[in-house]
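The values are calculated or read from the model by the stated rules, or taken from the named source; none is laboratory data. Nothing here was measured: the structure is a model prediction, and the numbers come from that model. Cβ sites come from the backbone with ideal geometry, for glycine too, and all protein chains shown count toward neighbours.
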Amino acid sequence: MKKKKISFEAIIFIIILVFMFYLVEETMGTANFFKTLMATAHDLLINTVFFIMAVAVLTGSFSSLLFEFGVADLIDFLLKPLIKPLYNLPGVSVMGIISTYFSDNPAIIALAKDKRFMNNFEKWQEPLLCNLGTSFGMGLIVSTFMIAQGNRMSVNLVPAVIIGNIGAFLGSIISVRMFSYFTKKKLGNVKKTERLYPQEYYRETRPGSFMERFLEALLDGGKSGVEIGLGIIPGVLVISTFVMMITFGPNDPSKGYQGLAYEGIPVLPYLGKKIFVFIKALFGFNSPELIAFPLTSLGSTGAALALIPKFIDLKIINPNDIAVFTAMGMTWSGYLSTHVAMMDELGYRYLTGKAILAHTFGGLLSGVIAHFIFLLI
């Protein structure tokens, strides 16, 4: 996309920068702002990114073992009968759920490149893979990370995380079904010009003895976890640092700003208070600061996870919030940053707007569902 070298957007950008600099200077002071910026990014890198990376390495190794020794295929076989009535998709779609749950959103694209896999779908069903896969992206990492926070909160978070997974599952159905309304209208009468009939499916495994395959799968899966951990660094350091600095105020209000990590100008809580009645009714949040998690999940779930330790330190989070965060973090999975590329890879870029609309509702309702299930149980 080409634009003129001298454009009106440059003037708008300068105005925004000047306004933000004035706001920072009047509130925090320039020196404190830059000290806080660096300190927050450094603390997130050391205490959050590396922890998430460790979780990703362990879950990556575990998921690799499940695929190597056929457990994932067994799950596929057992769950296929549920997929058609729930999503109105072919049974093989469950492989998309499994692959993204154990890794990240783009894993569904690798399946979509397989002609034998895509042969099972009608034209109007193909774009739905984007919303289906995104609904379960980083599911195992999110769940494991949330459970690990139980020690810091001195509470067992397994039930809350299970409820969050249920919320994400139901949210995925809403997202896919809603999106299918648009795809049917657009592609319902389009038939495939070529139909490939699937051959007998055989599972590919690594060569060697059981122990050799076990060790190779373990290490290869760990490497994929390292890649995920490295991949979330920009999102966590850039997005989370920014979100932190518009979420929390001075560390010690009596002393004012000191340039410490996680200080900032509390813009989000101010906005959250304006709509707090609705937020509390829908999600059960007890603090307006918690709105930062779902907002961050829109762009990066890894960055959103980085907010959890700070919420725990401030004692503003409870198991209900963990259930809601798990549901929304999984369902949204940073979809605003991946949906365009995924829809482009599937060949349906012109339906991206409809996919995002459906997924926005799916994510919101997954959080609402998780909250009310938590209240009932």
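Taken over the stretch 229-266, the criterion of being modelled with pLDDT under 85 and of a type in the set (Val, Ile, Thr) is satisfied by ILE232, ILE233, VAL236, VAL238, ILE239, THR241, VAL243, ILE246, THR247. Restricting attention to the stretch 67-101, the residues that are in a helix (DSSP H, G or I) and buried (at least 18 other Cβ atoms within 10 Å of the Cβ) add up to 16. Among the numbered conditions (1) surrounded by fewer than 18 Cβ atoms within 10 Å (Cβ to Cβ); (2) out of contact with any Asp or Glu (no Cβ under 9 Å at 6 or more places or on another chain), the only one that ALA39 does not meet is (2). Taken together, the criteria exclude LEU271 from residues that are in contact with a Gly (Cβ under 9 Å, 6 or more places away or on another chain), touching a residue at least 12 places away in the same chain (Cβ under 8 Å) and part of a helix (DSSP H, G or I).
Criterion first (surrounded by fewer than 18 Cβ atoms within 10 Å (Cβ to Cβ), touching a residue at least 60 places away in the same chain (Cβ under 8 Å) and touching a Leu at 6+ places or on another chain (Cβ under 8 Å)) does ALA31 satisfy it? Please lay out each step first, then the result.
Working: surrounded by fewer than 18 Cβ atoms within 10 Å (Cβ to Cβ): yes; touching a residue at least 60 places away in the same chain (Cβ under 8 Å): yes; touching a Leu at 6+ places or on another chain (Cβ under 8 Å): no.
Against the criterion (surrounded by fewer than 18 Cβ atoms within 10 Å (Cβ to Cβ), touching a residue at least 60 places away in the same chain (Cβ under 8 Å) and touching a Leu at 6+ places or on another chain (Cβ under 8 Å)), ALA31 does not qualify.
Within the stretch 104-115, residues that are exposed (fewer than 13 other Cβ atoms within 10 Å of the Cβ) have Cβ atoms under 7 Å from residues that are at pLDDT below 75 in these pairs: LYS115/LEU196, counting only partners at least 6 apart in sequence or on another chain.
Only one residue in PRO234, PRO250 is at negative phi, part of a loop (DSSP other than H, G, I, E, B) and either under 21 Å from the mean Cα position of the chain (by Cα) or without any contact (Cβ under 8 Å) to a residue 60 or more places away in the chain (or both), so which one is that?
Details: PRO234 fails: part of a loop (DSSP other than H, G, I, E, B).
Just a single option satisfies the conditions, and that option is PRO250.
Taken over the stretch 147-168, the criterion of being assigned to a helix (DSSP H, G or I) and free of Cβ contacts under 8 Å to residues at least 12 places away in the same chain is satisfied by GLY150, ASN151, VAL158, ILE162.
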